[in-house]
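Working notes for the structure below.
A short reminder: the numbers here are calculations on the coordinates, not readings from a lab. Worth saying up front: this structure is predicted, and the values here are computed from it rather than measured. A quick note on method: Cβ atoms are made from the backbone with ideal geometry, for glycine too, and the neighbour counts reach across all protein chains shown.
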Amino acid sequence: MRYLLYRLRRLAIVLGVVTFITFLLVNVLPGDVAYEMAGMDSTEEEVQEIREELGLNRPVLIRYVEWVGGVFTGDWGTSYINKENVWDAVTDRFPVSFELMLLAQILALSMAIPAGMASAFRPNGRADRIIGALAFASVSMPSFMTAILLIFVFALGLGWLPATGYEPLSTGLWANLKPMILPALSLALVEWTILMRTLRVEMISVLQENYIALARAKGMSNLRILWVHALRPSSFSMITLLGLQVARLLGGTIIIEQIFGIPGIGRLLIHAVYTRDFIVIQGCVTFFALAFVTANFLVDVAYAWLDPRVRTGGSHG
Amino acid sequence: MADVTSSRQGTQTEDKPQIDMNMVAIAMHRRSRRLGLYFWIPMIWLVIVAVACIFAPFWGLPPADEIDWVYIQSPPVEGHPLGTDNLGRDLLSRIVWGGRVSLTVGFAAPFIGVGLGLILGLIAGYYRGWADEVIGILIDAWLAIPGLVVLLLFSVVFGGSLFMVCVSLGLLFIPTAARITRAATLNYAGREFVLAAKAMGASDFRIMRKEIFPNIIWPLIAFILIDIPIAIVIEGALSFLGLSVKAPTPSWGGIIAEGREVLSTYPHIAMYPTLVMFVTVLSFNLVGDAIRRRLADVREGAI
């Protein structure tokens, strides 16, 4: 418990630092949003007027404090460009990104767990070497390349799946999932290697344990040993990684959503970057940091739940 | 044990030709550690790419932004070995010039990141106390923002010059480099030779530079080797989004992004740069892996 409280305090400080740095970065920019809004042929007075209106001519620190106050009361500001409420914009689009990330993580795990087991079962065996080579190749393949190849093969070549687009869940589950498969797969094909390698290393050492030898002596089948007895104790590092990967996945969704035309939070951010809609950028980054920090906190909790030693042994680290 | 007895037998009965198993084992070990094809083939490819990129202005390529109005979106033809892109620019030349950007970023960014991370990690690990705490919080904050988001922010704030791309990409490598350095520094800061240097009145800076730095350099070199392909990949993603170096300058990600728009009709425009980038990144990974294993051997004194 004390450990979790310590983590919580630390996370709060981290969030404060993240938002402040972003705010500073976004607000010291040359050529602010007032120019963009005023249009190409506007006078200096008009620009000043817009600045006045948005409150952009006050010191950065005061604006930051105001903004933080707003965040706690649910007012994340309104977009400069289309006057959309930032909180609404973010929460509208986040479920879409979340679905994509969840699907990607499920696909990655369903590739990583069997592959990791097969490699760990006979280290340096034939299966291990083939899987290792595949992992090496796919780690050298960034997600945007995988995406392009997948589109080329499955959408343009075979025509099985749509290349772009998004359908809301209300149109039916399959209609919703169909355009999500390729984007999720392009993310998963990068993520699975790391999960697989961690699982492999940990499982190799778990398979040396006495209780595995006992299970084997009892005549238990290899599959049952691997899935029932070895998987849970070998998955701790992998679970930790799942939390850390949230940041990578969030980064990955930005580019994948752009390629596949999925209206998620990544597209919102990219659009805000192109239009220099700073309040939206600020909102997105804050939300990303919040999501990352929450995910890692949950991982800490899951760790305590998975490993009895952490629960009873008190604090670690 | 077996080795000891066998060598003793060898000295006692010298007329009998005996195979010294110890020497055989050493020879086998050396053989297994020799850099194999998985090192040399990627290395040759990397050398070809590097030479092609460095000498790009000298080997008679058409300029990367010259439009050939006769061949637009053409598959490979005479004069354009890889064909031309959407606007009729020579694809081979664009890939080579784009490679200059990718390789520059790939080498510069990790060095910048590891250099800065080294300083932070040394300070945190050597002085401990509040400096450690502050640096720890900064690093956690840095890690809480997805890397691509940091780069997006930087590209908006500082614009798209090659230098700024290198620096902002380098910043991404600081947290991990700082953590590695800090852990290694903690390991060495309490050792006897550091205490001895302190007792002799060496300054903190001198201790860090002469006593600690040489000991912690190896993990950092290994880390740089891992980072080179990562930097190339991230630069590719960034230029794919059009947020790396500014438009007329070609870069691999940018060419792929342009090719994506005509993927159904002219797939070669996206496929050639994808292939080149994939093979290059794979080669860096393979070479880095081989060197890293080698370094581990050197450190363990096995060589």
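Annotations for the structure displayed:
- Trypsin sites (Lys or Arg not before Pro), loop per DSSP, at most 10 other Cβ atoms within 10 Å - longest free stretch of chain A: A:84-217
- Magnitude of the charge dipole for region B:62-302, about its Cα centre and with charges confined to Cβ atoms of Lys, Arg (+1) and Asp, Glu (-1), is about 920 debye.
- The charge dipole of region A:74-147, taken about its Cα centre with unit charges on the Cβ atoms of Lys, Arg (+1), Asp and Glu (-1) only, comes to about 580 debye.
- Relative contact order (%) - criterion: Cα under 8 Å, at least six apart; region: chain A: 26
- Region B:62-302 gives an Rg/Rh value of 1.11, both radii derived from C-alpha positions and Rh following Kirkwood.
- Rg/Rg_ref, region A:158-271, where Rg_ref = 2.2 N^0.38 Å and atoms are Cα: 1.47
- Shielding by other protein chains, A:13-26, mean Cβ within 10 Å: 4
- Rounded if a/c under 1.5, otherwise prolate or oblate - region A:133-206, Cα gyration tensor axes: oblate
- Each other residue within a Cβ distance under 11 Å of residue B:182 adds +1 if Lys or Arg and -1 if Asp or Glu, for a net charge of +1.
- Semi-axis lengths, largest first, of the ellipsoid equivalent to region A:86-311 are 36, 22, 15 Å, with √(5λ) applied to each eigenvalue of the Cα gyration tensor.
- Listed residues A:238, A:157, A:285: farthest to the positive end of the dipole of region A:86-311 (Cβ charges): A:238
- Tilt relative to chain A, helix A:86-121 - C-alpha long axis, 0 to 90 degrees, to 10: 20
- Overall, chain A carries a charge dipole of about 2460 debye about its Cα centre when +1 sits on the Cβ of Lys and Arg and -1 on the Cβ of Asp and Glu, all other atoms neutral.
- Region B:170-301 - percent relative contact order, Cα under 8 Å, separation 6 or more: 19
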